[in-house]
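Before any comments, here is the structure.
The values are calculated or read from the model by the stated rules, or taken from the named source; none is laboratory data. The shown structure was predicted, so the numbers you read here are calculated from the model rather than taken from an experiment. Here the Cβ positions follow ideal geometry from the backbone for every residue, glycine too, while neighbour counts run over all protein chains shown. For the accessible areas, the whole protein counts, side chains as well, though only heavy atoms, and no ligand, DNA or RNA atoms are used. Shrake-Rupley method; radii C 1.70, N 1.55, O 1.52, S 1.80 Å.
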Amino acid sequence: PGLSYTWIFNNKTLDLQEDSRRFVSQATGNLYLAKVEPWDVGNYTCAVSSAEARRRVWGPPTALTLRGDGVMGEYEPKIEVRFPEATYAAQGSSVRLECFALGK
């Protein structure tokens with residue numbers, strides 16, 4: 001609870017307000033892209049914020065590329081973020097939340 005997720009595309013925050021092809025789940029942090037187009041190719045970075053901790057953390061950039069042969073097979077496009085349901089920390093300690101993506 002208290003976490004919010006933002007995705008950065010090529011160093012610019014994704015503006016999803018009027019975008020019907022892209023969606024970020026605030027429950028999971030997952031970024032969903034429908035009908036990938038050539039202009040979707042680039043680097044995606046997940047940013048996780050905690051208002052309570054007054055902290056924002058960025059994951060490493062993940063490149064999205066298009067396959068030239070059009071065959072996906074087992075590599076269906078998917079970008080996914082996973083976090084444990086709860087993370088415990090002592091006051092004053094440091095916590096690391098990892099953000100990563102899967103896909104080809």
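Screening the candidates ARG21, ARG54, ARG82, ARG96 for the property of being touching a helix residue (DSSP H, G or I) at 6+ places or on another chain (Cβ under 9 Å) and at pLDDT below 85 yields one hit, ARG21.
Of all residues in region 1-14, those satisfying the criterion of being touching a residue at least 40 places away in the same chain (Cβ under 8 Å), open to solvent by 40 Å² or more (accessible area, probe 1.4 Å) and in a strand (DSSP E or B) are LEU3, SER4.
Could you check region 22-74 for strands (runs of 3 or more DSSP E) lying wholly inside it with 2 or more residues that are touching a Gly at 6+ places or on another chain (Cβ under 8 Å)? Where strands (runs of 3 or more DSSP E) fall fully within region 22-74 and carry at least 2 residues being touching a Gly at 6+ places or on another chain (Cβ under 8 Å), they are 42-50, 62-64. Picking from residues in region 15-52 that are of a type in the set (A, V, I, L, M, F, W, C) and in contact (Cβ under 8 Å) with a residue 24 or more places away in the chain, the one that is nearest to GLU85 (Cα to Cα) is VAL48.
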